[in-house]
Amino acid sequence: MSSADVTEICSDLVQIRSENPPGYTDEVIAYIREFCDDIGLKTRTVTRGRRHNLLSAEPKGKLLLCGHVDVVPARDEGWIHPPYAGLIEGGFVHGRGSTDMKGGCAALLVALRNTIDTEGDPGVDVAFVADEEGKGEFGMEQLVGEGILKPCDAIIAEPTPPASPIIGEKGVLRTRVTFSGESGHASLHPVIGNSAIVQACRYLHFCQRLHEREWPIESEVADAIRVTGKALESLTGLSASDADRVLSRIMYNPGFIEGGERMNVVAQHCDLSLDMRIPWGCRVDEVIPLMKAAAPDAAITVLESSEPSFSRPGNLTKLLCEGIGSVLQTQAEPGVSQAGSDARYLRILGAEVVMYGPGDLNLLHSVNERVPVSMLENCQQVYEYVLNRVSEI
């Protein structure tokens, strides 16, 4: 294991199943702990049942190398190759988690091994955690919240655009909006009756109006949005205007709508579950009153929330950009993400947290997920560039 290249390590990790749910990470953490033992890195596990996290045994608090090891589930249907085979073919490692984010974890591990072999221990910490793809009940959120893991400058190996390390992410607001109606005979509706389902559907018009609203954004964040907008255009085919909307507006998704008693009865009850992504310049406590005002008779339950986060570019961002430029021979500029990650829990206390890792962003959580071998190798070299210059952070 200790002599395997980054492609082989990624393949091994993909083959160790760690779907969330149920979120069992004991086997994949055991593999990573054995790797760390082989290279002389002392670690400890923090566990709850079969949900395992791996942390440095003697943290130095200088730089944290971080990744999550749980993955979203995959069914066999539609996959060209079995999702957990970890097949290496055609210049890719195929399988669930190869992009999100076992490929990044593999690149961190091999970079750390190579640095120790050539330069000695760089004095950095590691955290390979559970439950990023779930509710966060026993992963980074709890580790930081309970003081088990102290926030410090960190690289999180989430997949990013190749020349754009990520220094910020939008906030998250997940709610359940419960509507109450008045039952009646279906033959009289909509002339008579007050359907809770119709109320929920009308509420989506408010969500669209909220999406259209613009928010004041600081110039430094606006610059990062511009960089990411260009990357999204290139990588996903979004138009410039659509990319800007994704990054600068409130995005909303009605994930579930559940209600009604019978087809021939006007619905008395309906639950609408909403996932909203909150842009910079806006706060969760601004959005909730707007939601309540749009449906004063509905009950709104907040299921999860986090504010937008942003790390002002410092020495770590500068060093990562230099490393990307050295390896890829292109200018690197920091950007932001429309999605959430474990970075928010580390940023909350002021740490400079930068996400940078390998992966095809079009294949996140998708059928036929795969990671290019070239990206694995390039990211490994970028990490080595940083690890050889930790004293500059």
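Elements of the type helices (runs of 4 or more DSSP H) sitting completely within segment 291-393 and holding at least 1 residues that are aromatic (Phe, Trp, Tyr) and out of contact with any strand residue (DSSP E or B) (no Cβ under 9 Å at 6 or more places or on another chain): these cover 373-387. Residue count for segment 216-230 satisfying the condition of being touching an Asp or Glu at 6+ places or on another chain (Cβ under 9 Å) and among the hydrophobic types (A, V, I, L, M, F, W, C): 3. If the condition is being acidic (Asp, Glu) and surrounded by 20 or more Cβ atoms within 10 Å (Cβ to Cβ), then segment 21-79 contributes only Asp70.
Flag set for Gly104, criterion: assigned by TED's automatic domain parsing to the domain that holds Gln381 and within 24 Å of Phe138 (Cβ to Cβ). A single entry from Tyr24, Tyr84 fulfils the requirement of being within 21 Å of Asp5 (Cα to Cα), in a loop (DSSP other than H, G, I, E, B) and touching a residue at least 12 places away in the same chain (Cβ under 8 Å): Tyr84. Here Ser366 meets each of (1) without any contact (Cβ under 8 Å) to a residue 12 or more places away in the chain; (2) exposed (fewer than 14 other Cβ atoms within 10 Å of the Cβ) with one exception, condition (2).
Farther than 22 Å from Ala222 by Cα, β-branched (Val, Ile, Thr) and buried (at least 17 other Cβ atoms within 10 Å of the Cβ) - does that describe any residue in segment 325-343? Yes, some residue in segment 325-343 is farther than 22 Å from Ala222 by Cα, β-branched (Val, Ile, Thr) and buried (at least 17 other Cβ atoms within 10 Å of the Cβ). Only a single item in (1) farther than 27 Å from Thr115 by Cβ; (2) outside any loop (DSSP other than H, G, I, E, B) is not met by Ala74, and it is number (2). Considering segment 107-130, and only residues there that are part of a helix (DSSP H, G or I) and among the aliphatic types (A, V, I, L, M), the residue that is farthest from Leu13 (Cα to Cα) turns out to be Ile116. Between Gly104, Gly134, the distinction of being of a type outside the set (Lys, Arg), within 29 Å of Ser366 (Cα to Cα) and outside any loop (DSSP other than H, G, I, E, B) belongs to Gly104 only. Here Val191 clears all of (1) within 30 Å of Asp360 (Cα to Cα); (2) at pLDDT below 95 except the condition numbered (1). When you check Asp125 against the structure, is it within 20 Å of Ser391 (Cβ to Cβ), in contact with a Ser or Thr (Cβ under 6 Å, 6 or more places away or on another chain) and not aliphatic (A, V, I, L, M), yes or no? Yes.
The values are calculated or read from the model by the stated rules, or taken from the named source; none is laboratory data. The structure presented is a predicted model; accordingly, all values stated were derived computationally and were not measured. Heads up, the Cβs are rebuilt from the backbone with ideal geometry, glycines too, and the neighbour counts pull from every protein chain shown.
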